[in-house]
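Below: one structure, written as structure tokens.
The values are calculated or read from the model by the stated rules, or taken from the named source; none is laboratory data. If you're wondering where the values come from, they're calculated on a predicted model, not measured in any experiment. As a convention, Cβ positions derive from the backbone with ideal geometry for all residues, glycine included, and neighbour counts pool all protein chains shown.
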Amino acid sequence: MCIRLGVVCVLLGTIAILGSPPTSAQGPKIGEPGSVLIYPLYDSSPGIFTYLSVTNTNESEFACGNGFREGDVLLRFLYFDGVSCSNFARFELMSPADTLTVITAQHNPDGAQGYLVIQALDPETMFPMSFDYLLGHASILDTMDDVRWSYLPYSFAGLGNVFLTECAHPVISPDSVDAGTPILFDGVDYAFFPGFLALDHFEGVGTASSTSVEFDQHFYFMSGTRPASAADLNLSFSAYNNNEVRFTRNLSLPERCWYSRDMLDLSAGLSQQNLAVGGNASELSGVAYGWMGFEISDAPGAAILGVVVSTVQDNGTVFRSGRTLTPIGSIPAMIDPTVR
């Protein structure tokens, strides 16, 4: 018998809490197990090594009668190149309570930068299945600056239930992934993409007048598959300093599926000098800081995920930390391995 535990979630609008929708309206989670994991960044540039980890938290050794155990899962790794948006697939069979860490330069030798999707499959049929037991982690080592930073991927619950596998896991789609079946984040197959991404704290770029410490922020975004004829991606953001002074801007991003931007590429208003205007200099020793949010303002399917890496330099010493942008709300999206 297969017992599925429901998930209670709260759907947020851009700012306000709207209530408690049904499970089918949920968006992705961070730091919770899912059936699909999306890592918005892998970086195999010269001198940089990305260590990507995935862990199967299903410990069941129960034999299903088809040669597999209840906790066995086949993982599809889809590496998307950040320039061409082409993808490279690898498959890894994981046993119950298994964990796997790969170096992306070895696991995907032709990719320099981009994003990764990991999808749970039935090991017997290769059908996508609901297997909300996958956790992940990314760690990026920069040998040039001698720093290492980490972030957590987005996890998406598997919601589809066409029929059950021999091990009683719900099948999401009766099509083998070899057929190039799109991954649908539509609240039916998998949880939605978020409608809004939030960064709850950042320091303005540059050096504050009260300190010698220099701050910098860099963003990496990936988007769901859009029609080949789609125009540039229109990204809107709002930022507030620590005295609720608002900065807004709309950006047009020409890339197809992956975007790398310094904070000052978003707006010169996010520098230490400009963010301090109208701010509260009595807080954080005069360092200008605030929070910000992102959303897409154009065609259906244009949904994004992202991470930010923060760099602090003090007297020649470099410190770096990463954060996954907080997902809020829910909108449909898809990832189609056959579309570039």
Original post:
In the range 160-184, how many are touching a strand residue (DSSP E or B) at 6+ places or on another chain (Cβ under 9 Å) and within 16 Å of Ile335 (Cβ to Cβ)?
Top reply: 9
Original post:
Has the range 216-225 got at least one residue that is assigned to a strand (DSSP E or B), surrounded by fewer than 21 Cβ atoms within 10 Å (Cβ to Cβ), charged (D, E, K, R) and assigned by TED's automatic domain parsing to the domain that holds Val308?
Top reply: yes
Original post:
Of (1) outside any loop (DSSP other than H, G, I, E, B); (2) among the aliphatic types (A, V, I, L, M); (3) touching a residue at least 60 places away in the same chain (Cβ under 8 Å), Ala239 satisfies all except one. Which?
Top reply: (3)
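Conditions (1) closer than 21 Å to Arg148 by Cα; (2) surrounded by 21 or more Cβ atoms within 10 Å (Cβ to Cβ), marked per residue:
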residue	(1), (2)
Asn56	no, yes
Ala63	no, no
Arg69	no, no
Val73	no, yes
Val83	no, no
Leu100	yes, no
Asn108	yes, yes
Ala112	yes, no
Val117	no, yes
Original post:
Which residues, counting only those in the range 174-219, are within 23 Å of the chain's Cα centre (by Cα) and polar (S, T, N, Q)?
Top reply: Thr181, Gln217
Subject >> Count of residues meeting criterion [under 16 Å from Met129 (Cα atoms) and within 22 Å of the chain's Cα centre (by Cα)] in the range 95-114 >> reply: 0
Subject >> Odd one out for Asn274 among (1) more than 26 Å from Asp189 (Cβ to Cβ); (2) touching a residue at least 60 places away in the same chain (Cβ under 8 Å); (3) crowded, with 21+ Cβ neighbours inside 10 Å; (4) not β-branched (Val, Ile, Thr) >> reply: (3)
Subject >> Lone unmet requirement of (1) over 26 Å from Ala97 (Cβ atoms); (2) part of a loop (DSSP other than H, G, I, E, B) for Pro40 >> reply: (2)
Original post:
Taking the condition touching a helix residue (DSSP H, G or I) at 6+ places or on another chain (Cβ under 7 Å) and at pLDDT 95 or above, does Arg76 pass?
Top reply: yes
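Can you say whether Ile304 is touching a Pro at 6+ places or on another chain (Cβ under 9 Å), surrounded by 17 or more Cβ atoms within 10 Å (Cβ to Cβ) and either touching a residue at least 24 places away in the same chain (Cβ under 8 Å) or under 23 Å from Leu116 (Cα atoms) (or both), as far as the supplied structure shows? Break it down into steps so the answer makes sense when it comes.
On the way: touching a Pro at 6+ places or on another chain (Cβ under 9 Å): yes; surrounded by 17 or more Cβ atoms within 10 Å (Cβ to Cβ): yes; either touching a residue at least 24 places away in the same chain (Cβ under 8 Å) or under 23 Å from Leu116 (Cα atoms) (or both): yes.
So Ile304 passes the test.
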Original post:
If a residue has to be touching a residue at least 12 places away in the same chain (Cβ under 8 Å), surrounded by fewer than 17 Cβ atoms within 10 Å (Cβ to Cβ) and not in a loop (DSSP other than H, G, I, E, B) to count, how many in the range 242-252 make the cut?
Top reply: 4
